[in-house]
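Contents: one structure, followed by commentary.
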Amino acid sequence: MISLFSLKGKYALITGASRGLGQGMAVGLAEAGATVIGAGMSDRSETQQKIESFGGAFHGLKADLSQPDAVGKLVTDALSVSGQIDILVNNAGIIRRTEAEQYSDEDWYDVNQVNQHAVFQLSREIGKHMLERGKGKISLMTWTL
């Protein structure tokens, strides 16, 4: 059945690929044959080990999406690994839990930078690449503030 959904020859960029949903999606896409480019701030070695345990291909990229210039660097680095991105999974997200009256402007900026602005930027930049190639898929995970 998996052959009906083969992603062999496809490259998937997944943000937040170190654990949880991101790791699960990375492993699932790799099981379907995609080469996974896993981006994130945390150690991605567990995800890499899981994927390589069944012969899948994984490339890890360090990316701190709370930094305004991180998206451009991530796009450049991902394309230098593969030359193409067929699938983008916007999964990275952060949360800062505190009482509303104590919530700092810095926390507000950081959460919105990662959960909204970086998602928009990545979708736009990778989307341009996909439009040039005439194909591609973008997945947006939902994060709440």
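Structural remarks
- Cross-link partners of Lys137 among aspartates and glutamates (Cα-Cα below 12 Å; sequence separation of 8 or more within a chain): Asp86
- Carbon and sulfur %, accessible surface of region 8-72 computed with the full protein complex present, 1.4 Å: 50 percent
- A viscosity of 1.002 mPa s and a temperature of 20 °C, combined with the Kirkwood radius over Cα pairs in Stokes-Einstein, give a translational diffusion coefficient for the chain of 138 µm²/s.
- When the Gaussian network model of the chain links Cα atoms closer than 10 Å, the mean-square fluctuations of Thr98, Thr76, Thr47 top out at Thr98.
- When you restrict to C-alpha pairs under 8 Å that are six or more residues apart and normalise by the size of the chain, the relative contact order lands at 23 percent.
- Placing pseudo-labels 7 Å out from each Cα toward the beta carbon at Asp69 and Gln102 gives an inter-label distance of 3.5 nm.
- The residues packed around Ala32, meaning those with a beta-carbon under 10 Å from its beta-carbon, carry a net charge of +1 if Lys and Arg are +1 and Asp and Glu are -1.
- Think of each Lys and Arg Cβ as +1 and each Asp and Glu Cβ as -1; about the Cα centre, that makes the dipole of the chain roughly 740 debye.
- Peptide packing: for 83-96, 48-61, the average count of neighbouring Cβ atoms within 10 Å per residue gives the ranking 83-96, 48-61, highest mean first.
- With θ taken as phi - 60° and the Karplus curve 6.51 cos²θ - 1.76 cosθ + 1.60 applied, the whole-hertz 3J(HN,Hα) list for region 5-15 is 10, 4, 10, 4, x, 9, 10, 10, 9, 10, 8 Hz, x standing for glycine and proline.
- Our estimate of slack between Leu131 and Asp77, defined as 0.36 nm per intervening residue step minus the Cα-Cα distance, is 17.5 nm.
- Sites listed here are GluC sites (Glu not before Pro) in region 57-107 whose DSSP assignment is loop and whose Cβ has at most 11 other Cβ atoms within 10 Å: Glu99.
- Whole-Hz ³J(HN,Hα) from phi, Karplus 6.51 cos²θ - 1.76 cosθ + 1.60, for region 16-31, glycine and proline x: x, 8, 7, 6, x, 4, x, 5, x, 5, 4, 5, x, 5, 5, 4
The values are calculated or read from the model by the stated rules, or taken from the named source; none is laboratory data. Everything numeric here is computed off the predicted structure, so don't read it as measured data. Glycine gets a Cβ as well: all are built from the backbone with ideal geometry, and neighbour counts include every protein chain shown. Keep in mind that these areas ignore ligands, DNA and RNA; they rest on the heavy atoms of the full protein, side chains included. Shrake-Rupley method; radii C 1.70, N 1.55, O 1.52, S 1.80 Å.
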